[in-house]
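These notes are about the structure you will find just below.
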Amino acid sequence: MEKEYICPCEEVDPDNFITNEEVRVLLETQDKFKFKQEDYYRLYNCVHCGACGTQNERFLLKQKFLKDGNQIENLNKTTETIKTYGTPFKYNKSRIKPLKGLNKNSRTLLYFGCFTTVKVPSYGENIAKYLLNNHVDFCILEQEICCGYPILCTGEVKTYDLMVEKNKKFFLEKGFKKIITVCPSCYMVFKKHYSDLGIKTEYFTEYLSPSQIKKSGDLIIQHACPLKHIEFPKIEEELKIIYEKSDYNVLNIPHYCCGGGVGHQLRVDVAEKIALKRMRDFKQYGGHISNKEENERFITTYCPDAYWILKFYGKKEKIRFQLKDPCDLLM
């Protein structure tokens, strides 16, 4: 039977691709065999975009890989960095600039995530400014503790559980009732682990609304795979409506993973191939269907990892669309 999804990992690294059926068989028979070190390339081929529907099962195979005594380069160093500094980044000082108008006593937390605060701080700042301009009450932390997702992606669950417990204890002590996240990974982790504690988790896109000042230009939206495929199946259409009501012309470019998120943490070679493939979509297909001048061509995404991919690889491929964060386009 023909697959109903497109797997970016299979397309760029077919020799190491594991099908859904193979995943099922491996899990059912896992007590009868041990993974070898060379299985790393097969098991870590997946960027966990969620298109296939077996992203959680593939996490379990990674856990078995480590339990079977195999190694991941620099994993021990990464776990020590997370335990010591609270994030995967040793030089983890938040680069988010101070914001005026915050309610330090708010029971709603705007949580940026490790990647945003270190790699794309202006992206996070604009989201915070947008929320403040729309009178959303929230506070932020001077120093966040990693949600744990980056280490979960390796299969090392002990450190992941440690980060979850640290955050749960801290959030309860602070009395938070709601967390608004800027990162899809953080959203999935908090939604899974905190709802039973009475802490509601929301994604910042739930606060976006059409601009009151009419805009113009052609717009490409690179969607966040975990949200589109798993958490918010209707998000593509909902965001299209918001930007079209703001008078942008949203270009219809079929979705394809950008290679961000889990990708550039482990199998960088796979992530880079996927990223370059997606940038060529924007360069060739996007450039073909847009009839606007370059100063009226925009590209955006509501995922900080994807934003970095667009910034780095978009420049590398010289795509002719100006990169804007989703809130900047509406402010």
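The values are calculated or read from the model by the stated rules, or taken from the named source; none is laboratory data. Keep in mind it's a predicted model, so treat the numbers as computed, not measured. Positions of Cβ are generated from backbone atoms using ideal geometry, with glycine treated the same way; all protein chains shown enter the neighbour counts.
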Quick one: which residue in V189, V182 is touching a Phe, Trp or Tyr at 6+ places or on another chain (Cβ under 6 Å) and over 17 Å from I127 (Cα atoms)? V189
Restricting attention to the stretch 146-160, which residues are closer than 29 Å to I309 by Cβ and surrounded by fewer than 19 Cβ atoms within 10 Å (Cβ to Cβ)? V157
What about Y44, is it more than 22 Å from P150 (Cβ to Cβ) and hydroxyl-bearing (S, T, Y)? no
Sole residue being at pLDDT 95 or above, more than 12 Å from the chain's Cα centre (by Cα) and not hydrophobic (A, V, I, L, M, F, W, C), chosen from Y203, Y207: Y207
Would you pick out the residues in the stretch 214-224 that are more than 12 Å from the chain's Cα centre (by Cα) and either crowded, with 18+ Cβ neighbours inside 10 Å or without any contact (Cβ under 8 Å) to a residue 24 or more places away in the chain (or both)? G217, D218, L219, I220, I221
For G287: the one exception among (1) modelled with pLDDT of 95 or more; (2) surrounded by fewer than 16 Cβ atoms within 10 Å (Cβ to Cβ): (1)
From the list T19, T29, T54, which one is crowded, with 18+ Cβ neighbours inside 10 Å and not basic (K, R)? T54
Tell me which residues, restricted to the stretch 1-43, are of a type in the set (F, W, Y) and in a helix (DSSP H, G or I). Y40, Y41
Being buried (at least 21 other Cβ atoms within 10 Å of the Cβ) and basic (K, R) is the filter here, so list the residues in the stretch 291-331 that pass it. R297
What pairs can you find where one residue is in the stretch 225-236 and among the aromatic types (F, W, Y), the other is surrounded by 18 or more Cβ atoms within 10 Å (Cβ to Cβ), and their Cβ atoms are less than 9 Å apart, with a gap of 6+ or different chains? F232/Y203; F232/T205; F232/A224
What pairs come up if the first residue lies in the stretch 82-97 and is in contact (Cβ under 8 Å) with a residue 12 or more places away in the chain and aromatic (F, W, Y), the second is assigned to a helix (DSSP H, G or I) and surrounded by 14 or more Cβ atoms within 10 Å (Cβ to Cβ), and their beta carbons are under 7 Å apart, counting only those six or more places apart or on different chains? F89/C114; F89/V118
Any hit, the stretch 243-265, residues being charged (D, E, K, R), touching an Asp or Glu at 6+ places or on another chain (Cβ under 6 Å) and more than 30 Å from N16 (Cα to Cα): no
I'd like to verify a number: residues in the stretch 274-310 that are part of a helix (DSSP H, G or I) and of a type in the set (F, W, Y), how many? 4
Tally of residues being of a type in the set (A, V, I, L, M) and more than 28 Å from R280 (Cβ to Cβ) across the stretch 198-240: 3
I253 is checked against (1) of a type in the set (V, I, T); (2) over 20 Å from Y203 (Cα atoms); (3) surrounded by 23 or more Cβ atoms within 10 Å (Cβ to Cβ) and fails just one. What number does that condition carry? (3)
